[in-house]
Amino acid sequence: MREITARELSLNTATLGPARSLREAVQACLRHGIGGISPWRDKIAEAGLDNAARMIREAGLAVSGVCRGGMFPAADAEGRNRALAENHRAVDEAAALGAACLVMVVGGLPPASKDLAGARRQVADGLAATLGYARVQNVPLAIEPLHPMYAADRACINTLGQALDVCDTLGPGIGVAIDVYHVWWDPDLDAAIARAGASGRLLAYHVCDWLVPTRDLLLDRGMMGDGVIDLRRIRGSVEAAGYAGPCEVEIFSSMTWWPKPPDEILATMVERGRSCV
Ligand code: ZN
């Protein structure tokens, strides 16, 4: 299978850990020949939006996504409206950065609620309301289905097929971000990837690995090649479905990778891109 070059990788800023600035991430990408970046909004806010846009533009980096919008369900109308306003700001930031998409982590159950179907209705409503604005701003929304273990607190869209069903009800301007960490276990994954490609909804591809054992629900993702995900097979499906964008590396790893210097993380990323992704 064709090897992924550094140019075809994108650095999700979460991979360097919370202590690193956007400037450090951009400079590390330049040193290692990484072609793209996907900033989290807290890093954009730290740098300032105009400054962030200038830094990324001057470095010649493609913006494979902005993380993130979503988190729609709330206990009351005021909370839902707050979420919508926040999503409008996220769309504005993605537009200013010329991002390929705004990644949507849609949210889970409101506090003390057990109404999962209701939360999913709130998500569909929130996406519909945000999509109207995103279309005007020319920012594609990318629903990222999250592993079912996050259904309560982070995202109640949990499979690629479920995300595509939502997309189909909403029409153009919205698609999916496929993150291998969340979907690798799905017996219907290949069919859903093909469906995403056929409907023009395959907007982003995130890679890392699933470690055995996983020591933390959130912060123990593996470097590509260190876990059990058949990354090459999944990339084969994604490419067969027509995806030609970057492989975005997104590794939340508080114990293993975040303590390491950025140059070690990026050098490993590039090497694993060639050998494992
Ligand atoms: Zn992701």
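Derivation of every value follows stated rules applied to the coordinates shown; laboratory data play no part. Computed from a predicted model, the values in this text were never measured in an experiment. Methodologically, a virtual Cβ is constructed for each residue, glycine included, from the backbone with ideal geometry; neighbour enumeration extends over all protein chains shown.
For this structure, a couple of remarks:
- Reported count of residues in segment 5-17, each being out of contact with any helix residue (DSSP H, G or I) (no Cβ under 8 Å at 6 or more places or on another chain), on the phi < 0 side of the Ramachandran plot and more than 12 Å from the ligand (Cβ to nearest atom), is 1.
- Each residue in segment 69-102 was checked for being within 17 Å of the chain's Cα centre (by Cα) and either farther than 20 Å from E144 by Cβ or of a type outside the set (A, V, I, L, M) (or both), and 7 of them qualify.
- Of all the listed residues (G225, G197), the sole one being without any contact (Cβ under 8 Å) to a residue 60 or more places away in the chain and under 19 Å from A14 (Cα atoms) is G225.
- In segment 173-216, the qualifying residues are those that are buried (at least 18 other Cβ atoms within 10 Å of the Cβ) and among the aromatic types (F, W, Y), and the one that is nearest to S64 (Cα to Cα) is Y205.
- Filtered by the rule that a residue be within 16 Å of the ligand (Cβ to nearest atom), in a loop (DSSP other than H, G, I, E, B) and not hydrophobic (A, V, I, L, M, F, W, C), segment 168-200 gives a lone residue, D186.
- Among all residues of segment 90-97, there is none that is among the β-branched types (V, I, T), over 25 Å from L61 (Cβ atoms) and touching a residue at least 24 places away in the same chain (Cβ under 8 Å).
- Being within 16 Å of the ligand (Cβ to nearest atom), in contact with a Ser or Thr (Cβ under 9 Å, 6 or more places away or on another chain) and not in a loop (DSSP other than H, G, I, E, B) holds for only one residue in M224, M269, and it is M269.
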